[in-house]
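Data first, discussion second: the structure below is written as structure tokens.
The values are calculated or read from the model by the stated rules, or taken from the named source; none is laboratory data. Keep in mind that this is a model prediction, so the values were computed, not measured. Positions of Cβ are backbone-derived with ideal geometry, glycine not excepted, and every protein chain shown enters the neighbour counts.
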């Protein structure tokens, strides 16, 4: 897997922090109007940094997990757009529909975050390192 540079890691971590803060802000009524912007900025930076990581090997399982990771990032970015449109009253699904997309993306990312290191260890053991 292609590693991120130091500055890319800082941006990745900042995006993750903004995601969490933006997702928690709607709980406080006075912060609710700024939450979609912070969340969406975090989702875009987090997702972009995830997309910069590439796997150039031949392991089919790791490639599948990487595709799942990309789908999860797209779900998190979609939830940001849903959050923004719900705040502006443009979404016919309801005010909290963005939470479903966030839950799906977070669940998939959680699954992949445990499986990818295990598969990399297996791959390294098979190569004799």
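Selection of segment 63-118 for residues being more than 16 Å from the chain's Cα centre (by Cα) and crowded, with 20+ Cβ neighbours inside 10 Å yields only 86. Residue 11 - would you say it is at pLDDT 95 or above, in contact with a helix residue (DSSP H, G or I) (Cβ under 6 Å, 6 or more places away or on another chain) and more than 20 Å from residue 113 (Cβ to Cβ)? It is false that residue 11 is at pLDDT 95 or above, in contact with a helix residue (DSSP H, G or I) (Cβ under 6 Å, 6 or more places away or on another chain) and more than 20 Å from residue 113 (Cβ to Cβ).
For the structure I just gave you, tell me whether residue 80 is touching a residue at least 40 places away in the same chain (Cβ under 8 Å), in a helix (DSSP H, G or I) and under 19 Å from residue 12 (Cβ atoms). Against the criterion (touching a residue at least 40 places away in the same chain (Cβ under 8 Å), in a helix (DSSP H, G or I) and under 19 Å from residue 12 (Cβ atoms)), residue 80 qualifies. In segment 16-32 there is at least one residue that is over 17 Å from residue 106 (Cβ atoms) and touching a residue at least 24 places away in the same chain (Cβ under 8 Å). Would you check if there is a residue in segment 57-69 being touching a helix residue (DSSP H, G or I) at 6+ places or on another chain (Cβ under 6 Å) and free of Cβ contacts under 8 Å to residues at least 40 places away in the same chain? Scanning segment 57-69, I find no residue that is touching a helix residue (DSSP H, G or I) at 6+ places or on another chain (Cβ under 6 Å) and free of Cβ contacts under 8 Å to residues at least 40 places away in the same chain, so the answer is no.
Each residue in segment 36-62 was checked for being assigned to a helix (DSSP H, G or I) and either within 17 Å of the chain's Cα centre (by Cα) or at pLDDT below 90 (or both), and 17 pass. Can you find a residue that is within 25 Å of residue 10 (Cα to Cα), in contact with a helix residue (DSSP H, G or I) (Cβ under 8 Å, 6 or more places away or on another chain) and either in contact (Cβ under 8 Å) with a residue 60 or more places away in the chain or outside any helix (DSSP H, G or I) (or both) anywhere in segment 100-109? So far as segment 100-109 goes, yes, one or more of its residues are within 25 Å of residue 10 (Cα to Cα), in contact with a helix residue (DSSP H, G or I) (Cβ under 8 Å, 6 or more places away or on another chain) and either in contact (Cβ under 8 Å) with a residue 60 or more places away in the chain or outside any helix (DSSP H, G or I) (or both).
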